[in-house]
Amino acid sequence: MEIVILAVVIAVVLVGAVSGLVIGGRRKKQLPPAERPSATPTITTPPAEPRVGDEAETPRDESRRTIEEVDLPTAEAPAAPPVEAEPAPAAPEVEVPEPTEGRLVRLRARLARSQNALGKGLLTLLSREHLDEDTWEEIEDTLLTADVGVVPTQELVERLRERVRVLGTRTPQELRTLLREELLNLVTTDAPRAVKAENGLETPAVVMVVGVNGTGKTTTTGKLARVLVADGKSVLLGAADTFRAAAADQLQTWGERVGARTVRGPEGGDPASIAFDAVKEGIAEHADVVLIDTAGRLHTKAGLMDELGKVKRVVEKQAPLDEVLLVLDATTGQNGLVQARVFAEVVDITGIVLTKLDGTAKGGIVVAVQRELGVPVKLIGLGEGPDDLAPFDPEAFVDALIGD
């Protein structure tokens, strides 16, 4: 039975295979000739790329050139935008300083406001009907409080007592005249008071400014330059104060205001070297005056004072030192005399500049410092303005003390 079933299955498979072959052969015979694949494929040439103006034109045979043979237009570099030159810094406007002639007279009111205590106090005491010992002691105290000093005070009181005794009756005008004469004797000196701005040599006059920090030394040097320029002198400044920050900048600013050039060096540099260069350039430029601003030496520092002496010696290798001006703060009173003594031991002081006399200073310091050093007060400072430094005039000073 199994053999019969196997034979039937085989027969069915064979019949199916034969049927498939017959059907396939009929389909191949029915294909149209066009659909039969060609034995040799036909290659069609792609159309040429169209050109401008003749898109439909048949490409012509023409010679072709390589890129090396083609003259290409030269590419011009784009023009650089114009560079605007930076404007040069404007030169500082040169000021015309106020004339020095009569400057103290013009500042008399300012001086009088701060010095009335001395002059008017003395006039009030001398106007008493009876001048007993108590009154003379008050006069003496008034003079000492005004920083006149012990010895000058004693001399003045003795002269006043003698003249009042001889005078007898004392009208206000007689007392004023008497006091004016005696005060004028105290502040008058035979030494010349003008700052030496000429030396009769081919080298410029050399002026060295010294003093303790805080007295207004650098500012005074700048104001002194204005005084000299106002008197028609050409000035060169030497910024030898290299220890105080911005001291050179401050001095240069003062100089630029009046057209005076400043010789300076690095901060912390050698002051003597800068002073030497300043004098050397002053000689080369034929300047009339060389002003040297030195460091504010502490009078308690021996090393710094020695260096100030070195500056003086180095300067004198180039030219004679004509002036050494000591700047003193008038408000320090008798303490300023201590500074004056020490500076006088190091350099030969030839003149005094008293600053801040318009404040709480006592006018008697003029007498005391002249007696102490034996040198005259040449300039006094009466304010913060650039032209508030005035040549000292004894008569104008005394008149301001006692008032009108």
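The values are calculated or read from the model by the stated rules, or taken from the named source; none is laboratory data. Since we're looking at a predicted model, the values are computed, not measured. Cβ: placed from backbone, ideal geometry, glycine included. Neighbour counts: every protein chain shown. To get the accessible areas, we keep the full protein, side chains included, count just its heavy atoms, and leave off ligands, DNA and RNA. Shrake-Rupley method; radii C 1.70, N 1.55, O 1.52, S 1.80 Å.
Per the listing LEU125, LEU118, the residue uniquely closer than 20 Å to GLN173 by Cβ, of a type in the set (A, V, I, L, M, F, W, C) and modelled with pLDDT of 85 or more is LEU125.
In region 220-255, which residues are at positive phi and touching a Pro at 6+ places or on another chain (Cβ under 7 Å)? Scanning region 220-255 gives no hits. Name the single residue that is nearest to ASN213 (Cα to Cα) among those in region 251-297 being over 15 Å from the mean Cα position of the chain (by Cα) and among the hydroxyl-bearing types (Ser, Thr, Tyr). Ranking the qualifying residues of region 251-297, first place goes to THR294.
Scanning region 377-386 for residues that are open to solvent by less than 30 Å² (accessible area, probe 1.4 Å), under 11 Å from THR219 (Cα atoms) and not in a strand (DSSP E or B) returns a single hit, GLY385. When the criteria are applied in full, GLU158 meets the requirement of being surrounded by fewer than 17 Cβ atoms within 10 Å (Cβ to Cβ) and modelled with pLDDT of 90 or more. On the stretch given as region 136-184, residues that are outside any helix (DSSP H, G or I) and under 10 Å from LEU126 (Cβ atoms) total 1.
Scanning region 355-371 for residues that are surrounded by fewer than 19 Cβ atoms within 10 Å (Cβ to Cβ) and either among the aromatic types (Phe, Trp, Tyr) or within 13 Å of GLY333 (Cα to Cα) (or both) yields a total of 2. Of all residues in region 323-354, those being farther than 19 Å from ASP141 by Cα, open to solvent by 10 Å² or more (accessible area, probe 1.4 Å) and not in a helix (DSSP H, G or I) number 4. Among all residues of region 230-239, there is at least one that is at pLDDT 90 or above, assigned to a helix (DSSP H, G or I) and open to solvent by 10 Å² or more (accessible area, probe 1.4 Å).
Looking only at residues in region 119-155 that are closer than 20 Å to THR331 by Cα and among the acidic types (Asp, Glu), which one is surrounded by the fewest Cβ atoms within 10 Å (Cβ to Cβ)? So the residue we want is ASP141.
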